[in-house]
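The values are calculated or read from the model by the stated rules, or taken from the named source; none is laboratory data. Quick caveat, the model's predicted, so the values are computed rather than measured. Here the Cβ positions follow ideal geometry from the backbone for every residue, glycine too, while neighbour counts run over all protein chains shown.
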Amino acid sequence: MVLCPQMGVQQELTDHLLRDYTEPIRDPLWGHMYIWGPLLSLMDTPEGQQLGRIRQLGPTAMVYPGATHTRLSHSFGVFHIARRILLRLLHHPQCPALTLEGVRAFLAAALLHDVGHFPYTHSFKSLPLMEHETLTGRLVQTGGLATRLRERVQVEPGIVAAIVDEQLPDCGSDEIRLYRRILSGTMDPDKLDYLNRDAYFCGVPYGVQDLDYALNQIIPNGYNGIALEESGVSAVENILFSKYLMYRAVYWHRTVRVATAMVKKAVFLGLRDGAIQPEDLYGLDDQLFFSRVGGIAYEPFQLIRGVAERALLKPVATIPFDPSRSAHQALQRQEFRSTLEEQISGDLGVAPWEVILDLPDAISFEADIPIIGPDGPCPFVTRSVFSPDVVSRFTGQLRKIRLIVPQRVIRLLTDPHQYLLNLLAAQVSPGETP
């Protein structure tokens, strides 16, 4: 029997992933993770080591003391799962044509995907800053990382950058397009690691996935990413429901939201008033952020120092976010929130920076992964209980508008809940029912 050339290439790539990945990393979640020496050397750079000084979950340790794991351990976990996904695809006879450089670039991208991440988890999200993927793309193309990628891993840094940062051109490469969709999708290695890892270190059962089962359901979908066998529907449902529970119990816990909102407001005001520039925030780890930015003599940065010392403001009223209300929609704009916060601060006689209206950013529970059944491919939603209505209800249960104020003025609000309702009702558009 004569093997087709591509089958021979698949075997060579499989041999590389099994034979050359011999450096063990002991992980409390996944056990022994084996990595290729040249890839491991990427983490012996300042950018790689800084990941060990950024907590994966930022303020969450205020609620779950075990949640002190870092983006370094997460990055190794993402690499580990990415390698397993590649092995699964290469084992399949319908695996699209891959190259050795592409495989190495993808695994480097999985390992380095967070090197541009901001400190203190997602407190800087939606602020006028570069996306962390853009920062990652820049970092892997400069300095020691670029040198090691070229000389040791033997891949072009630009390919690694293009896999992480989808704003960069893919140069018409089907392989880059494939790796992008594996690295960021419904069942990507990032999500599979952080849900399990965060649940493990928080000591909660909500995020746990059956990783072996999930990966065994993967089949190639050409260069469009991955698909699942029909029996894999439950694996995706588990991911979506786990994500919902983790947001409800961990990521958007009330105390976590207060600390996140305090840091976010301080940074927003600092950028707006010129106390800091975006460049001051790039390349910081958690400790550098609190010491450098928190140490600046700018009054709203008392919020940052308050978080560092766990002197938090108090949430006094919470109402569900209603997307049908124009005032609720407007609250998604930081500038509009600032206007209302100034109004509240006037009512309470405190500084505007001491009042926060917190609204978490929108999150998605959509799943676009195709399911391969007896009659061919079909959308995930046609095989799952996660209908658009269910997804909408999930989101509606999670997003809350919170009024957060200093402890000393709570007594001035006889009924904080009604006060917040009245404040938002006064912002209705003409013709809208309050």
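Applying a threshold of 7 Å to beta carbon distances and a minimum spacing of six or more residues, or different chains, the list of pairs starting in segment 79-92 at a residue that is closer than 12 Å to residue 36 by Cβ and ending at one that is buried (at least 20 other Cβ atoms within 10 Å of the Cβ) and among the small types (Gly, Ala, Ser) reads 79/110.
Kindly evaluate residue 76 against the criterion of being among the aromatic types (Phe, Trp, Tyr), in the same structural domain as residue 175 (by TED's automatic domain parsing) and closer than 30 Å to residue 261 by Cα. Explain how you work it out, then say what you get.
On the way: among the aromatic types (Phe, Trp, Tyr): yes; in the same structural domain as residue 175 (by TED's automatic domain parsing): yes; closer than 30 Å to residue 261 by Cα: yes.
Criteria met by residue 76.
Residues of segment 142-170 that are buried (at least 18 other Cβ atoms within 10 Å of the Cβ) and within 13 Å of residue 39 (Cβ to Cβ): 145, 148, 149, 153, 155, 160.
Tallying residues that are over 30 Å from residue 60 (Cα atoms) and of a type in the set (S, T, N, Q) within segment 113-171 yields 5. Checked across segment 355-366, the condition of being at pLDDT 95 or above, surrounded by fewer than 16 Cβ atoms within 10 Å (Cβ to Cβ) and among the hydrophobic types (A, V, I, L, M, F, W, C) holds for no residue.
Pick from 97, 67: which is surrounded by fewer than 17 Cβ atoms within 10 Å (Cβ to Cβ), of a type in the set (Gly, Ala, Ser) and in a loop (DSSP other than H, G, I, E, B)? Every option except 97 fails the conditions.
With 346, 376, 396 as the choices, which residue is small (Gly, Ala, Ser), modelled with pLDDT of 95 or more and surrounded by fewer than 19 Cβ atoms within 10 Å (Cβ to Cβ)? It would help to see each step written out before you state the result.
Numbers: 376 fails: modelled with pLDDT of 95 or more; 396 fails: modelled with pLDDT of 95 or more.
That would be 346, the only listed residue that is small (Gly, Ala, Ser), modelled with pLDDT of 95 or more and surrounded by fewer than 19 Cβ atoms within 10 Å (Cβ to Cβ).
Tell me yes or no: at least one residue of segment 207-227 is free of Cβ contacts under 8 Å to residues at least 24 places away in the same chain and closer than 15 Å to residue 384 by Cβ. Yes, because at least one residue in segment 207-227 is free of Cβ contacts under 8 Å to residues at least 24 places away in the same chain and closer than 15 Å to residue 384 by Cβ. Within segment 299-345, the set of residues being within 18 Å of residue 120 (Cα to Cα) and among the polar types (S, T, N, Q) comprises 302 only. State whether one or more residues within segment 261-281 are surrounded by fewer than 17 Cβ atoms within 10 Å (Cβ to Cβ) and either hydroxyl-bearing (Ser, Thr, Tyr) or in the same structural domain as residue 138 (by TED's automatic domain parsing) (or both). So far as segment 261-281 goes, no, none of its residues is surrounded by fewer than 17 Cβ atoms within 10 Å (Cβ to Cβ) and either hydroxyl-bearing (Ser, Thr, Tyr) or in the same structural domain as residue 138 (by TED's automatic domain parsing) (or both). Across segment 324-341, the number of residues qualifying as touching a residue at least 12 places away in the same chain (Cβ under 8 Å) and among the charged types (D, E, K, R) comes to 3. Checked against the criterion of being under 18 Å from residue 78 (Cβ atoms) and more than 17 Å from the chain's Cα centre (by Cα), the candidates 204, 153 yield just one match: 153. The helices (runs of 4 or more DSSP H) located wholly in segment 115-195 that include 1 or more residues which are touching a strand residue (DSSP E or B) at 6+ places or on another chain (Cβ under 6 Å), farther than 29 Å from residue 262 by Cβ and among the hydrophobic types (A, V, I, L, M, F, W, C) occupy 174-183.
So, residue 198, is that one at pLDDT 95 or above and either β-branched (Val, Ile, Thr) or under 18 Å from the mean Cα position of the chain (by Cα) (or both) or not? In short, yes. Could you please let me know if residue 280 is in contact with a Lys or Arg (Cβ under 9 Å, 6 or more places away or on another chain) and charged (D, E, K, R)? Yes, satisfied.
Before we move on, is residue 75 outside any loop (DSSP other than H, G, I, E, B) and either under 20 Å from the mean Cα position of the chain (by Cα) or closer than 22 Å to residue 154 by Cα (or both)? Steps first, please.
On the way: outside any loop (DSSP other than H, G, I, E, B): yes; either under 20 Å from the mean Cα position of the chain (by Cα) or closer than 22 Å to residue 154 by Cα (or both): yes.
The answer is yes for residue 75.
It is to be established whether one or more residues within segment 197-215 are among the β-branched types (Val, Ile, Thr) and buried (at least 19 other Cβ atoms within 10 Å of the Cβ). No, segment 197-215 contains no residue that is among the β-branched types (Val, Ile, Thr) and buried (at least 19 other Cβ atoms within 10 Å of the Cβ).
Evaluated against (1) within 17 Å of residue 77 (Cα to Cα); (2) at pLDDT below 95; (3) surrounded by 21 or more Cβ atoms within 10 Å (Cβ to Cβ), residue 183 falls short on exactly one condition, (2).
Pairing each residue of segment 399-425 that is in contact (Cβ under 8 Å) with a residue 24 or more places away in the chain and exposed (fewer than 12 other Cβ atoms within 10 Å of the Cβ) with any residue that is in a strand (DSSP E or B) and not acidic (Asp, Glu), provided the two are 6+ apart or on different chains, yields C-beta distances under 7 Å for 407/314.
State yes or no: is residue 317 among the aliphatic types (A, V, I, L, M) and either more than 27 Å from the chain's Cα centre (by Cα) or farther than 22 Å from residue 249 by Cβ (or both)? Spelling it out, residue 317 is indeed among the aliphatic types (A, V, I, L, M) and either more than 27 Å from the chain's Cα centre (by Cα) or farther than 22 Å from residue 249 by Cβ (or both).
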